[in-house]
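Worksheet for the structure shown next.
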Amino acid sequence: MMSRIHWVHCGPDAVFGLRHLQQRGIEPMVWTAHGVSPDEIPAGQQRPYEAAALKAELARGDIIVAPRPTDLEVARIAMDCGAHLAVGWHVSPTLREAVGAAAGRGLSVLAEVGMVPGIDHLMARDLVNDYRQVAQDGDRLHFSSYGGGMPKHPDNFRHKFNLSPLPLLNALATPTSWIGQGETRRAAFPFEVIRSFDLNLPTPERHEVYPHYDVAPYLEAYGFDPGWTIATAERGAIRLKGWKQGWAAVFASIRQTGKDAEALATLSETLWAEHPFAPEEADRIVLSVALRAERDGRARWHREWVLDSTGGRSGFARFRLKSLMLALAAEALLAGRVEPGLHIGPTDPELIANWLVEITHEAGFARRIDHLRSDDAKGAA
């Protein structure tokens, strides 16, 4: 009997990924989020999510797609029922604990396979794999990874929401670390270290960036050799120019309340009510992932992935890209392409290359720039 894919807490944000699977002859079982019944999904294919009902339908070797950061219950169900798992958000200590027995049970968990985190991991591993072929002792490495969503047509707030703001607010209330001048640097709040950043598009644009994830664990996950010299490394978010000013009141509130769950939840509800995307409004997703190797103060290897994708009537770009990544993860698990255990995105170079082709095709603009080739340098300028 063939394994089946179960997409849980499904809403309109999953439609593009589900269509991708259907085009490949795969009919997932769709477990809808509370009170949600997407018109684009046939009614006979939908069931309201209930833990007991999901357990009753699962067979060993099935795949669960869990896009929400709160799907710990689903992770535990997967482990109890012998199902593989694709997770769309960052790995937390509680998720690690929930799937800790996966390898011993022969189960594969492919985590952080959303938009960000997700596409950024593909780009970083692609660059690291390439650099490894030419790495030399004495190189000093500079790594950066920024991604984020924004409105295509900004207002004074410089941001809008098509998902709950709560994960972003939690991240802004969490201390962060990065590497600068070869040493670990820290900030109590990520918004304390916002800076300007020029995005390498055909027409360059100035944005704002800041680190809001500890970078060290990702250097290890991406395959950076322990013997390499890391001069700078930062992983975080990219925002519209003027975001720091537009969000000043939000920052002041977070500085006062810290990670108080009730205060952040209230702030999240307020922001979502005041700054939502309209149903067919154009959102925009941008990413920049770069790796540069220097010797004697000069770059001898420097490459960068850049992506710029816009939504609109065809759906939000964030939803399209995130659900496509989850669908690709489900396919990989279905085909047995992921080793047992917990993985932060795919590590197989062939899978990475194939997924980047799919993402590049869907994004609209995605390019890997070789900054030391004059034609690429001109194209990115």
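Once you keep just the Cα pairs under 8 angstrom separated by 6 or more residues, what percentage relative contact order results for the stretch 76-187? Don't jump to the answer; show the numbers that get you there.
On the way: 75 pairs, mean separation 19.0, N = 112.
Reported as a whole number, the value is 17 percent.
Once Rh for the stretch 69-226 is found with the Kirkwood sum over Cα pairs, what is the Stokes-Einstein diffusion coefficient at 10 °C and 1.306 mPa s, in µm²/s?
Stokes-Einstein gives a translational diffusion coefficient of 87 µm²/s.
Got a number for carbon plus sulfur as a percent of the chain's accessible area, 1.4 Å probe?
Within the chain, the accessible surface is 49 percent carbon and sulfur.
As a test of the formula, what do you get for the chain when each DSSP H run with n ≥ 4 contributes -39,500 (n - 2.57) and the sum is divided by the residue count, at 222 nm and rounded to the nearest 500 deg cm²/dmol?
On the way: 13 runs with 127 residues, N = 381.
Value at 222 nm, helices only: -9500 deg cm²/dmol.
State, to one decimal in nm², a quarter of the convex hull surface area for the C-alpha atoms of the stretch 248-381, i.e. the direction-averaged projected area.
13.5
Working with all protein chains in place, sort 150, 2 by solvent-accessible area computed with a 1.4 Å probe, largest first.
Highest to lowest solvent-accessible surface, that is 2, 150.
Output needed for the stretch 273-324: three equivalent-ellipsoid semi-axes, defined as square roots of 5 times the C-alpha gyration tensor eigenvalues, in descending order, whole Å.
Ellipsoid semi-axes (Å, largest first): 36, 12, 8.
Under a point spin-label approximation (7 Å from Cα along Cα-to-Cβ), what is the residue 275-residue 195 distance to one decimal in nm?
Here the modelled spin labels are 2.3 nm apart.
Considering only 285, 119, 41, give the residue with the highest GNM mean-square fluctuation for the chain, with springs between Cα atoms whenever their separation is below 10 Å.
Maximum among the listed residues: 41.
Hey, can you list the DSSP H helices of the chain whose Cα span along the axis is 24 Å or longer and whose average Kyte-Doolittle score is at least -0.5?
Span-like helices, by this rule, are 317-334.
Going 7 Å from the Cα of residue 241 along its beta-carbon direction, which residues of the stretch 200-234 have the amide nitrogen within less than 12 Å of the resulting point?
Taking a point 7 Å out along Cα→Cβ of residue 241, the residues of the stretch 200-234 whose backbone N falls under 12 Å are 204-208.
Rolling a 1.4 angstrom probe over the protein heavy atoms, how many square angstrom per residue are accessible across the chain?
Values: 16870 Å² over 381 residues.
Heavy-atom accessible area per residue stands at 44 Å².
Suppose R0 equals 51 Å; then what is the FRET efficiency for residue 248 and residue 59 from their Cβ-Cβ distance, rounded to the nearest 0.05?
Here the calculated transfer efficiency is 0.45.
Tell me, in nm to one decimal, what length is gained between residue 51 and residue 372 on full extension, where the rule is 0.36 nm per residue of separation less the Cα-Cα distance? Working shown, then result.
On the way: separation 321, 0.36 × 321 = 115.56 nm, distance 5.34 nm.
Extending this stretch completely gives an extra 110.2 nm.
Return the label of the correct value of Cα extents along the principal axes in Å, as calculated from the structure shown, out of [x] 65, 58, 38; [y] 62, 47, 37; [z] 78, 54, 50.
[y]
Report the Cα centroid-to-centroid distance between the stretch 173-248 and the stretch 122-149 in angstrom, as an integer.
Measuring centre to centre over Cα atoms gives 15 Å.
Quick one, can you get me the convex hull of the C-alpha atoms of the stretch 26-156 expressed as volume per residue in Å³?
Normalising the Cα hull of the stretch 26-156 by residue number yields 215 Å³.
If you count only protein heavy atoms and use a 1.4 Å probe, how large is the accessible surface of residue 183, to the nearest 10 Å²?
Ignoring ligands and nucleic acids, residue 183 comes out at about 110 Å².
Given Cα pairs under 8 Å that are at least 6 residues apart, what percent is the relative contact order of the stretch 122-278?
34
At a threshold of 8 angstrom on Cα-Cα distance, excluding pairs fewer than six apart, so keeping six or more, what relative contact order does the chain reach in percent?
22
The values are calculated or read from the model by the stated rules, or taken from the named source; none is laboratory data. Not measured: the values here are computed from a predicted model. Don't worry about glycine lacking a Cβ; one is built from the backbone with ideal geometry, like all the others, and counts go over all protein chains shown. These accessible areas exclude ligands, DNA and RNA; they are computed on the full protein's heavy atoms, side chains included. Shrake-Rupley method; radii C 1.70, N 1.55, O 1.52, S 1.80 Å.
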